[in-house]
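The structure appears below as structure tokens.
The values are calculated or read from the model by the stated rules, or taken from the named source; none is laboratory data. Because the structure is a prediction, the values reported are computed rather than measured. In this analysis, Cβ positions are derived from the backbone assuming ideal geometry, glycine residues included, and neighbour counts consider all displayed protein chains.
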Amino acid sequence: MPPVDLGIDLQAQVPAVTAWTAQAHLLADAIREPGFAAAAVNASAWAAGVNPEATAGLIGTATALTSGDCGPQLWAQADPCPSDQALLSGAAELEGAAADLLRHASALARDCRAALASACAAAAAAAMALDAAVTAAARSSAESSLAAARAEIADCEAALEILDDAGRRLDHAVTCLRRVPDDLAGTYEVPYRHVREVGPLPHEGDFLLGGVSYEAAR
């Protein structure tokens with residue numbers, strides 16, 4: 001199975017956008033990529049005859065990151081995964097990508113919360129200035145400042161709803177992907193023990209049979 005190519009370049013996307021909500025939407029779209037990639041790895045595993053219990057982490061990741069839109073891709077036609085190590089490598093690559101996106105989501109949410117606090121302070125200051133205004137010019141300036149601050153507050157609040165949801169789903173995905181090695185080892189405990197204690201299984205070429213990995217069996 002070839003390495004998973006997520007095709008995500010957040011650094012190229014996010015800096016060009018200034019509105020917090022727009023940045024949040026870009027991130028929400030970006031996390032779908034590893035979700036569908038997880039579905040593709042799962043389909044490849046199932047094509048090789050892997051028990052679905054061993055790929056529960058991939059299914060959970062795909063479901064969480066695509067908001068459940070990955071159904072057909074989970075069992076789509078795919079080239080069979082050639083070995084347990086290929087499956088584990090794909091899951092590990094996805095875990096790294098999801099962890100990177102989670103760090104980005106956390107940093108973006110942190111910066112957005114700081115901007116929200118600043119906008120709230122600006123709104124309070126503008127409201128005080130509006131109350132104290134004695135000229136039409138001063139009142140107009142205060143009203144403009146208050147409107148801008150309120151718009152920033154609304155933008156930040158909308159963005160944080162998206163970012164917090166994306167962060168929760170990414171955190172769940174990372175947890176799911178970290179389970180894959182244990183799920184695989186637990187599902188195939190008996191053949192792994194055989195490889196560890198006796199030697200290779202028969203039927204060369206079948207997943208977790210002739211090609212079972214000594215590394216994974218340790």
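Answer yes or no as to whether residue 114 is in contact (Cβ under 8 Å) with a residue 12 or more places away in the chain and either exposed (fewer than 15 other Cβ atoms within 10 Å of the Cβ) or not hydroxyl-bearing (Ser, Thr, Tyr) (or both).
Values: in contact (Cβ under 8 Å) with a residue 12 or more places away in the chain: no; either exposed (fewer than 15 other Cβ atoms within 10 Å of the Cβ) or not hydroxyl-bearing (Ser, Thr, Tyr) (or both): yes.
Taking the combined requirement at face value, the residue does not satisfy it.
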- Which members of segment 15-47 meet the condition of being buried (at least 21 other Cβ atoms within 10 Å of the Cβ) and either hydroxyl-bearing (Ser, Thr, Tyr) or assigned to a loop (DSSP other than H, G, I, E, B) (or both)? 31, 44
- Message: Show the residue pairs meeting these rules: Cβ distance below 6 Å; 6+ apart or different chains; first residue within segment 126-150 and surrounded by 15 or more Cβ atoms within 10 Å (Cβ to Cβ); second residue polar (S, T, N, Q).
- Response: 126/145
- When the residues of segment 133-178 are filtered to those that are polar (S, T, N, Q) and part of a helix (DSSP H, G or I), which remaining residue is modelled with the highest pLDDT? 175
- Answer yes or no: is there a residue in segment 71-91 that is part of a helix (DSSP H, G or I), of a type in the set (D, E, K, R) and either touching a strand residue (DSSP E or B) at 6+ places or on another chain (Cβ under 6 Å) or at pLDDT 95 or above (or both). no
- Taking segment 59-104 as the region of interest, how many residues are surrounded by fewer than 20 Cβ atoms within 10 Å (Cβ to Cβ) and of a type in the set (Asp, Glu)? 4
